[in-house]
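Participant: Input: one structure, supplied below.
Where a number appears in this text, it was derived from the coordinates with a stated rule and is not lab data. For clarity, every value in this text was computed on a predicted model and none was experimentally measured. For neighbour counting, all protein chains shown are included, and Cβ atoms are generated from backbone atoms with ideal geometry for every residue, glycine included.
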Amino acid sequence: MNKVTIIMPTFNRAAFMHIALNSIKSQNHNNWELIVVDDGSTDETESLINSVVADWTQTVHYIRQNNQGPAVARNTGIKSAKGEYVAFYDSDDIWLPHHLSNCLRVMAEHPNVSWVYGACQRRLYNSEEVVLASTFYSEGKPNPLFSLDCEHFGDLYIINDDGATECQITYGLDSGLQNSVMRVGIFDKMMLPEFRIGEDRLFIAMALKKGFKFAFIDDIHVYYIVHSGNISDTNISEDNLSKRISIMKQLIESYEQTPKYIPNLTKSEIKALKFRLADDVFWKLGYSLQWQNGLREDAINSYKKGLKLAPFRFTFWKSFFKAFTVYGISKVFSNKVA
């Protein structure tokens, strides 16, 4: 059996560690090593891990570093990897037992495939309520990745489409690092961009442009646990407004860095990037997070930035003039009251 290096970055996730380690231990494929990269935890993560893995037959390496974010932690783990394959485990998620074995079977049967991933199911931490049955579907309809040219074998789809990078930029391929298994050779060509947010989305586009072949399995492989400590843009808790705004700004910054990491983008990919940035700046940041929460001036500034990226979007101008009018009237009224 082929050896897999499982890399688990973690930061103050002791509360999730028993479930995480049991999930790894319960994998149907058991030829693996685990590298835990503790990104500066101040809780009992280290002692808990040592206690749980004391009688394991698999190798477990524990590396501690100062807090630098998950991308740096993953790169630290990659440098120590001994396996033929790499899988990243997010310490607050749950792998289903077939995750490694199903992905490895695909790469054994299709040697040209370098990256395989399954779907995630999003669940609330406390109640285990399912908030999204499959990340491959929205409102019961297949996401855009299914529209790509693919070889299709049952629930397996091997992507053979030159438009995959553009799809990743515009919509996403619904792949993350936590639901994927990769050949270690990918990391001979590139490492993860060391952003705190958005590095995974950029890394996928980088791998596609390098010519690595992707495949996805239309089956749930991972439970993505939604909780207040999530640092992704999937956490929509109203109590975390400032955090959500910060996350979205960092995600936008990572997209702005894309041409630096992928200098050979095509014209259509550059256009897609500008449209993605415009939508995120105007709608997700400006409208949903700022305007809807009363941050009028911040929203107006985001609207202006979105318009610079996409000056011919009628819906942008319509919303901008409406907002600017409301904002102007409110300013006049507040001045009179003062």
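Participant: Using mean Cβ contacts within 10 Å as the protection proxy, how do 190-198, 142-150, 259-267 order, highest first? Mind showing how you got there, number by number?
Facilitator: Numbers: 190-198: 18.4, 142-150: 15.8, 259-267: 12.4.
Going by the mean number of other Cβ atoms within 10 Å, highest first, we get 190-198, 142-150, 259-267.
Participant: If the elastic network links every pair of Cα atoms under 10 Å, which of Gly328, Gly176, Gly286 fluctuates the most in the Gaussian network model of the chain?
Facilitator: Sorting by GNM fluctuation, first place goes to Gly328.
Participant: Which links in Lys243/Lys308; Lys3/Lys79; Lys267/Lys318 stretch past 20 Å when you go from one Cα to the other? Provide the component values of the computation, followed by the final result.
Facilitator: Working: Lys243/Lys308 26 Å; Lys3/Lys79 16 Å; Lys267/Lys318 27 Å.
Beyond 20 Å between Cα atoms: Lys243/Lys308; Lys267/Lys318.
Participant: When the chain is fully extended, how far beyond the present Cα-Cα distance does Asn160 get from Ser228, taking 0.36 nm per residue of separation? Numbers along the way, then the final one.
Facilitator: Numbers: separation 68, 0.36 × 68 = 24.48 nm, distance 3.79 nm.
Between Asn160 and Ser228, full extension yields an extra 20.7 nm.
Participant: Work out the length of the dipole vector of the chain about its Cα centre, built from +1 on the beta-carbon of each Lys and Arg and -1 on the beta-carbon of each Asp and Glu, and round it to the nearest 20 debye.
Facilitator: Values: 36 positive and 38 negative charges, 323 e Å.
Dipole size: approximately 1560 debye.
Participant: Then there is this: Need the full-extension length gain, Lys304 to Glu151, defined as separation in residues times 0.36 nm minus the C-alpha distance. One decimal, nm.
Facilitator: Numbers: separation 153, 0.36 × 153 = 55.08 nm, distance 4.28 nm.
Gain in length upon complete extension: 50.8 nm.
Participant: Helix 296-309 against the longest principal axis of the chain: what's the angle in degrees, Cα atoms only, rounded to the nearest 10?
Facilitator: It is inclined by approximately 80 degrees.
Participant: How many angstrom lie between the C-alpha centres of the range 9-55 and the range 57-81?
Facilitator: Spelled out, the Cα-based centre of one part sits 12 Å from the other.
Participant: Sticking with this one: Is the C-alpha gyration tensor of the range 238-337 telling us rounded, prolate or oblate? Criteria: a/c under 1.5 is rounded; beyond that, a/b larger than b/c is prolate, otherwise oblate. Walk me through the numbers on the way to the answer.
Facilitator: Values: a/c = 3.26, a/b = 1.71, b/c = 1.90.
Oblate is the answer for the range 238-337, as a/c is 1.5 or above yet b/c matches or exceeds a/b.
Participant: With axes computed from alpha carbons, what is the tilt in degrees of helix 241-256 against the longest principal axis of the chain, rounded to the nearest 10 within 0 to 90?
Facilitator: It is inclined by approximately 80 degrees.
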